[in-house]
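A.B. asks: Have a look at this one.
Taken together, the values in this text are just the output of simple stated rules run on the coordinates, not laboratory data. Just so we're clear, the structure is a prediction, and the values are computed from it rather than from any experiment. Quick reminder, even Gly has a Cβ in these numbers, built from the backbone with ideal geometry, and neighbours come from all protein chains shown.
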Amino acid sequence: MRELFDDVAGHSPLDPQEAVRRATRAPQRKRFYKEAGVAPADGGFSVTLDGKPIRTPSGRPVVAPTSAIAEQIAAEWNAQAETIDPLTMPLTRFANSVGEVVDRVDAVADDVEKYLGSDLLFYRAGHPEALVAREAAYWDPVLAWAASELGAHFILSEGIVHVTQPEQAIKAARRVFPADPWSLAALHVVTTVTGSALLALALLRGALDSDEVWAAAHVDDDWNVEKWGVDEEVAARRAARFIDFRAAVTILDALKPQTPAAG
């Protein structure tokens, strides 16, 4: 199993786009197990193949923080047919990624923070007016939320001219990054596939739901589709990103604190 996901891991274990590119070149392997299951493990739950726990490509144990997450990963393994297709196993790829960076959470947080210096939401179209208005409708509420709820006040720019963001704003946003590796990794995935750490934080904190985040991340793309039609290559990349986006959303939803029912 280890070598099966070795190519899928990519150069950066938290880069889903690189993972997909490399996976398309990786040979598929025949299913070598009868059944995937879940077993208690130190620190959480392991996914087992015929009773043996799975490991990351480098040999580290994969330990899910909840039984529900482990069961969903096991379901991906059980859904495989005669050959194993890593592209249909986004939660397994995600678990492998977390296992590889579990002792480097600060580096993952640093990578997310970089997006706060050049976030998608900061760079606005200058024309046409309809696109300017659409970007404002989707993105301004997120910036207002960041200012009021996080104390993070960012600067906007027209076009692609770089603008240096206030260090205080970046630090304020970073303070709400999750500490646990699984939530942080999910935040990283949402950030990289949308191009926006602010959208990822809005999802994490419940300011936007996943559909709203995905729509906000593709305002410009959808505008181009309306004007020029669908570019099949762009659409394929978007579909691949969406698979990893949904996996990250699944993790964040599973790790949300449960609100006790009213008595």
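A.B. asks: Name the GluC sites (Glu not before Pro) in the stretch 105-165 that are in a loop by DSSP and that have at most 13 other C-beta atoms within 10 Å, would you?
C.D. replies: Within the stretch 105-165, no GluC sites (Glu not before Pro) qualify (loop, at most 13 other Cβ atoms within 10 Å).
A.B. asks: Just need log10 I(q)/I(0) for the stretch 181-263 at q = 0.27 Å⁻¹, Debye formula, equal scatterers on the alpha-carbon atoms, no solvent, rounded to two decimals.
C.D. replies: -1.33
A.B. asks: When each pair of different Cα atoms in the stretch 214-258 is counted once in the 1/r mean, what is the Kirkwood radius in angstroms, to one decimal?
C.D. replies: The Cα-based Kirkwood calculation yields 12.1 Å.
A.B. asks: What would the Debye formula give as log10 I(q)/I(0) at q = 0.24 Å⁻¹ for the alpha-carbon point model of the stretch 29-84, no solvent?
C.D. replies: Scattering profile of the stretch 29-84, log10 relative to I(0): -0.93.
A.B. asks: Taking only the alpha carbons of the chain, what extent do you get along each of the three principal axes, in Å, biggest first?
C.D. replies: Principal axes ranked by extent give 58, 48, 39 Å for the Cα atoms.
A.B. asks: Between the helical axis of 129-145 and the dominant principal axis of the chain, each derived from Cα atoms, what acute angle in degrees is found, rounded to the nearest 10?
C.D. replies: In the chain, helix 129-145 runs at an angle near 70 degrees to the longest axis.
A.B. asks: When the Cα centres of the stretch 45-123 and the stretch 172-229 are compared, how far apart do they sit, in Å?
C.D. replies: Rounded to whole Å, the Cα centres lie 18 Å apart.
A.B. asks: Also, I was wondering about something else. Put +1 on the Cβ of every Lys and Arg and -1 on every Asp and Glu Cβ in the chain; which of 203, 126, 37 then has its Cα farthest towards the positive end of the dipole?
C.D. replies: Going by the charge dipole, the pick is 37.
A.B. asks: Which residues' amide hydrogens lie under 5 Å from the amide hydrogen of residue 29, considering only partners 5 or more residues apart or on another chain, with H built in the peptide plane?
C.D. replies: 84
A.B. asks: Expressed as a rounded percentage, what relative contact order does the chain have, with Cα pairs under 8 Å and six or more residues apart?
C.D. replies: With pairs under 8 Å counted, the relative contact order is 18 percent.
A.B. asks: Cut-off under 30 Å on the C-alpha distance; same-chain residues fewer than 8 positions from residue 114 excluded. Which lysines are left, in chain and number order?
C.D. replies: Hits, sequence-local ones excluded: 171, 256.
A.B. asks: Can you tell me the relative contact order of the stretch 105-255? Whole percent, Cα pairs under 8 Å, sequence separation 6 or more.
C.D. replies: 27
A.B. asks: Here's something else I'd like to know. Given a Förster radius of 25 Å and the C-beta distance between residue 52 and residue 87 as r, what FRET efficiency does 1/(1 + (r/R0)^6) yield to the nearest 0.05?
C.D. replies: 0.60
A.B. asks: Write out the trypsin sites (Lys or Arg not before Pro) in the stretch 21-122 meeting two conditions: DSSP loop, and at most 10 other Cβ atoms within 10 Å of their Cβ.
C.D. replies: 25, 34
A.B. asks: Checking the a/c ratio against 1.5 first, then a/b against b/c, what shape does the Cα gyration tensor give for the stretch 105-255?
C.D. replies: oblate
A.B. asks: For the chain, what does the helix formula give at 222 nm: sum of -39500 (n - 2.57) over DSSP H segments with n ≥ 4, over the residue count, nearest 500 deg cm²/dmol?
C.D. replies: One gets -15500 deg cm²/dmol as the mean residue ellipticity at 222 nm.
A.B. asks: Also, quick follow-up: Among 77, 139, 223, whose mean-square fluctuation peaks in a Gaussian network model of the chain (Cα, cutoff 10 Å)?
C.D. replies: Comparing 77, 139, 223 in the GNM, the peak value goes to 223.
A.B. asks: For residue 109 and residue 39, calculate 0.36 nm times their separation in residues minus their Cα-Cα distance, and state this gained length in nm to one decimal.
C.D. replies: 22.2 nm
A.B. asks: Go through 196-205, 237-246, 35-44, 64-73 and give me the packing order, highest mean Cβ count within 10 Å leading.
C.D. replies: 196-205, 64-73, 237-246, 35-44
A.B. asks: Here's a follow-up. For labels at residue 180 and residue 68 in the simple 7 Å Cα→Cβ model, what's the distance in nm?
C.D. replies: Result: 1.1 nm between the two label points.
A.B. asks: Residue 254: net charge of surrounding residues, Cβ under 15 Å, Lys/Arg +1, Asp/Glu -1, itself excluded?
C.D. replies: -2
A.B. asks: Continuing with the same structure: Let me check the size of the stretch 159-224 from its C-alpha atoms; what are the radius of gyration and Dmax in Å?
C.D. replies: Over the stretch 159-224's Cα set, Rg and Dmax evaluate to 13.0, 38 Å.
A.B. asks: Using a simple charge model, +1 on the beta-carbon of Lys and Arg, -1 on the beta-carbon of Asp and Glu, nothing else, what dipole does the stretch 47-189 show about its Cα centre, in debye to the nearest 20?
C.D. replies: Using Cβ point charges on Lys, Arg, Asp and Glu, the stretch 47-189 gives about 220 debye.
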